[in-house]
Amino acid sequence: MTAVLKKYSNLTQRIITAIIGAALVITGIVYSDWTYFIVFLIICTLSLWEFYKLSGLDGMLPQKTFGTLCGMVLFSLSFFIERGDISYRYYFAIFPLVSCVYMI
């Protein structure tokens with residue numbers, strides 16, 4: 001895919017990627033709960049991984065795996081609570097989970 005996009009300008013590459021990405025996101029939202037969950041879990045995971053990679057550029061040593069895993073659990077937890085699969089009382093686990101990222 002990247003070899004095909006190389007012949008276009010940077011702006012054209014971004015537009016093509018945005019159109020494909022928007023189509024995937026809209027399809028994921030409309031199709032079912034589970035496609036929504038999978039699409040946004042992938043987006044959450046990749047964006048967290050990119051964030052930790054960028055924060056490591058200035059010499060910091062972030063725990064990429066632990067932080068990404070916490071973000072995935074946080075997203076999954078809120079999805080399953082709102083879907084009604086688990087009790088709302090698990091919302092109380094969100095604060096310790098988020099705080100855990102800063103303590104390690």
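The values are calculated or read from the model by the stated rules, or taken from the named source; none is laboratory data. It should be emphasised that the depicted structure is a prediction, and the values quoted were computed from it without experimental measurement. Neighbour counts are summed over all protein chains in view; Cβ atoms, including those assigned to glycine, are modelled from backbone coordinates with ideal geometry.
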### Query
Does VAL39 satisfy the criteria of being among the β-branched types (Val, Ile, Thr), touching a Gly at 6+ places or on another chain (Cβ under 9 Å) and either more than 23 Å from MET103 (Cβ to Cβ) or not assigned by TED's automatic domain parsing to the domain that holds VAL101 (or both)?
yes
### Message
Filter the stretch 1-51 down to the residues that are of a type in the set (Phe, Trp, Tyr) and either over 20 Å from GLU82 (Cα atoms) or touching a Cys at 6+ places or on another chain (Cβ under 6 Å) (or both) and list them by number.
### Response
TYR8, TRP49, PHE51
